[in-house]
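Have a look at the structure below, then the notes.
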Amino acid sequence: MGLSFLALLLLQLSYIEEMAKMKKEQFDESVNRSLYRASRNLEFNETLRYLEKDVNETERRAYRHDSVMSANGQLNGVIQHSHQYSVTGKDGTVYSSFQLKTITTKPSSVPKAMIMKSDKNSINDASKSLQEIVRNRYVYQKALLDEVVYRILYTASDKPLNERVNFKMLDQDIRAELMNNGVNIPYHVTVSTADGREVFRCSDYSDEGDAYTYSQVLFRNDPSSKMGIVKIHFPDINSYIFSSIRFMIPSIIFTLILLITFIFTIVVIFRQKRYTEIKNDFINNMTHELKTPIASISLAAQMLNDNSVTKSETMMNHLGGVINEESKRLRFLVEKVLQMSMFDNKNAVFKKKELDLNEMVESIAHSFTLRVEHTGGKIYTDIGALNSSIYVDEMHFQNVIFNLMDNAVKYRNPEKPLDIYMKTWNENGRLYLSIKDTGMGIKKENLKKVFEKFYRVHTGNRHDAKGFGLGLAYVKKIIELHKGEIHVESEYGKGTVFTISLPEITD
């Protein structure tokens, strides 16, 4: 199920990536097409401008020439090569520009006095002459057009780029072409020469989005040194590209929520399974721990009720002592479980008072000396704290130290003597206590779990290390409620160090 959700999520992400890639390619194509059309419009406008200029000059020259010829009364003068011309018909008749204009004019527009009657042959000759005249006129006009083109090529390219380009019109053309291609987002434009000198920059120019810059050559048929380059980039290109795939976002979020929910459900199931195993282990340990004192008390009670057993004073004292000790042990085990339940419900009430940590350490070390010496080891104390005052609940804090000492004895290495080192010191406004032992140590994979409730480090086939897995959980809870911290360091086979830090009491 989880793999299905994950595969669906990856498929959606892949689909979004492909859509974004296609949108980017479409955007690139639209922008490049727009720039190409804008550059063509620029070249077309320049050609048109020069053509209009040349036509205007031709008309002015023709007008001046006709005025001069009219004043001198010469209708068949010498024709200017640049703009005046004459055509000779097949019959040897020479037609001036004025006559040619008259002959090629539609009959309806020719004055009646100029319409001459002729026979059929003369009409055919005139028609052929007119065709020849039109042909010659076409050749001449083509020569004029070539002259204009050559003038544009060799005159326009000599001008600087900033004189050839109307930047405002270029910007308008780019904007219009982009809108025609479906791109309607802000852009920044620059124009530079072929050698990289910038000659134009839009007024609101910024570098945002210049990672994707589009360029187009201006006047691509000119010499390379005379060309220009227009560049544009879009600050909102990412928003534009991903705007088309926003509809996929809710689907991805929903799939992600389902995946997270599924993972959370699996984690909860495994956690509940682990808690169930811990609970069963706790019940087994508790049953084992409680059965021993109950069995001892039951056996003592049977002996007291057995009339066949001699009830001497020594026997009575012994049975009474067994019942008393086992009752205390049973009460201690029950109270230990009840204490953890009380802390979980946050109903714990502390009776705090100011105590001396150095004195408490010395006292506890003295009381544990016999148990440690029984293993062949010894307790060493290093009382280095100058400010050893603490504000704690005496009973609970003593239980913390007793639990750490008891664990050191409980999990000792049976093959060598157990040594315990207790040390106090001050550092950075805090009071520290460390308890180091030379016992079995704890494996790295178990270090992070030792303070969990009901967790017990696996000890192989050993059955002398009894308990509920509540001791270190109780220790950590008490330390935290006293605004302290506890850390553990251990190396398996060499020993363990527990370090407690508490805030110092200042006057």
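The values are calculated or read from the model by the stated rules, or taken from the named source; none is laboratory data. As the structure is a prediction and not an experimental result, all values here were calculated from the model. Don't worry about glycine lacking a Cβ; one is built from the backbone with ideal geometry, like all the others, and counts go over all protein chains shown. Accessible surface areas use protein heavy atoms only, side chains included; no ligands, DNA or RNA. Shrake-Rupley method; radii C 1.70, N 1.55, O 1.52, S 1.80 Å.
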Note: among VAL217, VAL183, VAL165, VAL191, just one is at pLDDT below 85 and closer than 24 Å to SER30 by Cβ, namely VAL165
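Sort out which residues of segment 241-269 are closer than 27 Å to LYS21 by Cα and touching a helix residue (DSSP H, G or I) at 6+ places or on another chain (Cβ under 7 Å), and write them in order of number. So that I can check it myself, show each step before the final result.
Of all residues in segment 241-269, those closer than 27 Å to LYS21 by Cα come to 241-257, 259.
Selection gives ILE241, PHE242, SER244, ILE245, MET248, SER251, ILE252, THR255, LEU256, LEU259.
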Here the qualifying pairs (Cβ atoms under 9 Å; residues six or more apart or on different chains; first in segment 369-380 and more than 12 Å from ASP419 (Cβ to Cβ); second modelled with pLDDT under 90 and open to solvent by less than 100 Å² (accessible area, probe 1.4 Å)) come out as ARG371/MET405; ARG371/ASP406; ARG371/VAL409; HIS374/VAL409
Selection over segment 170-207 where residues are under 35 Å from the mean Cα position of the chain (by Cα) and among the aromatic types (Phe, Trp, Tyr) yields a count of 2
SER239 passes all but one of the listed conditions (1) open to solvent by 80 Å² or more (accessible area, probe 1.4 Å); (2) within 17 Å of GLN26 (Cα to Cα); the exception is number (1)
Tell me yes or no: at least one residue of segment 458-472 is open to solvent by less than 70 Å² (accessible area, probe 1.4 Å), modelled with pLDDT of 80 or more and assigned to a helix (DSSP H, G or I). yes
Residue hits (segment 424-447; open to solvent by 20 Å² or more (accessible area, probe 1.4 Å), not in a loop (DSSP other than H, G, I, E, B) and not hydrophobic (A, V, I, L, M, F, W, C)) are ASN426, GLU427, ARG430, TYR432, LYS436, LYS444, GLU445, ASN446
A careful count of residues in segment 158-182 that are open to solvent by less than 90 Å² (accessible area, probe 1.4 Å) and of a type in the set (Asp, Glu) gives 3
Log entry, pairs with first residue in segment 220-246 being over 14 Å from GLU208 (Cα atoms), second being part of a loop (DSSP other than H, G, I, E, B) and open to solvent by less than 40 Å² (accessible area, probe 1.4 Å), beta carbons closer than 6 Å, six or more apart or on different chains, reads ASP222/SER157; LYS226/SER157; MET227/PHE219; TYR240/ILE185
### Query
Is it true that some residue in segment 483-503 is in contact with a helix residue (DSSP H, G or I) (Cβ under 9 Å, 6 or more places away or on another chain), part of a loop (DSSP other than H, G, I, E, B), under 21 Å from ASP382 (Cβ atoms) and at pLDDT 75 or above?
yes
Reported set for segment 214-226 where residues are surrounded by 17 or more Cβ atoms within 10 Å (Cβ to Cβ) and assigned to a loop (DSSP other than H, G, I, E, B) is PHE219, ASP222
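Given the options GLN26, GLN12, name the one that is surrounded by 12 or more Cβ atoms within 10 Å (Cβ to Cβ), part of a helix (DSSP H, G or I) and at pLDDT below 80. Can you show your working first?
On the way: GLN26 fails: at pLDDT below 80.
Just one listed residue meets the conditions, GLN12.
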Here the residues within segment 376-423 that are in a strand (DSSP E or B), within 20 Å of LEU472 (Cα to Cα) and within 51 Å of the chain's Cα centre (by Cα) are VAL392, ASP393, TYR421, MET422, LYS423
Among the residues of segment 183-213, the number that are touching a helix residue (DSSP H, G or I) at 6+ places or on another chain (Cβ under 9 Å), open to solvent by less than 20 Å² (accessible area, probe 1.4 Å) and not in a loop (DSSP other than H, G, I, E, B) is 4
Checked against (1) within 21 Å of GLU504 (Cβ to Cβ); (2) buried (at least 19 other Cβ atoms within 10 Å of the Cβ); (3) in contact with a helix residue (DSSP H, G or I) (Cβ under 7 Å, 6 or more places away or on another chain), VAL392 satisfies every condition except (3)
